[in-house]
1. For the condition buried (at least 21 other Cβ atoms within 10 Å of the Cβ), closer than 20 Å to A14 by Cβ and β-branched (V, I, T), what is the one hit in V93, V121, V48?
2. Output the residue which, of all residues in the range 51-73 that are surrounded by fewer than 15 Cβ atoms within 10 Å (Cβ to Cβ) and either of a type in the set (F, W, Y) or in contact with a helix residue (DSSP H, G or I) (Cβ under 9 Å, 6 or more places away or on another chain) (or both), is nearest to T117 (Cα to Cα).
3. State the number of residues belonging to the range 24-45 that are more than 16 Å from R100 (Cα to Cα) and surrounded by 18 or more Cβ atoms within 10 Å (Cβ to Cβ).
4. Taking the stated definitions as given, is L20 surrounded by fewer than 17 Cβ atoms within 10 Å (Cβ to Cβ) and not in a loop (DSSP other than H, G, I, E, B)?
Amino acid sequence: QVHLVESGGGLVQAGGSLRLSCTASGRTFSTYVMGWFRQAPGKERVFVATINRSGGTTHYADSVKGRFTISRDNAKNTVYLQMNSLKPEDTAVYYCAADRLVVSSERYEYDYWGQGTQVTVSS
């Protein structure tokens, strides 16, 4: 069992930056693939980024490629999402998730989810 807690969301102007953090409980954080997803009002939850266990492999949704960076610190049981050049369409609740098996962009592959943190980008 992994308990995930996101933080770092807030209100930012377009073009600004935010860094989200997700801290996991337990001593097995390094055994999980970690991902970030987001859900805008009235829309489905969609993939944003994922990172493998060591942090050496990352994948991004096309919509955030070049603007967002996922990273992890296994010593701190934390995964980060650095978001730069934010746009109003990035407004959503952002969720981190843990996957026991594979690096994936598919929501159903992830076993544990945080409660989400709101990101609002004003124009």
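1. Numbers: V93 fails: buried (at least 21 other Cβ atoms within 10 Å of the Cβ); V121 fails: buried (at least 21 other Cβ atoms within 10 Å of the Cβ).
None of the other options fit; the residue is V48.
2. In this case the residue turns out to be S63.
3. 2
4. Judged against the criteria, L20 is not a match.
Throughout, read-outs are computed from the coordinates displayed, never taken from laboratory work. Here the structure is a predicted model, which is why all the values come from computation and not from measurement. Ideal geometry is used to build each Cβ from the backbone, glycine not excepted, and the neighbour counts take in all protein chains shown.
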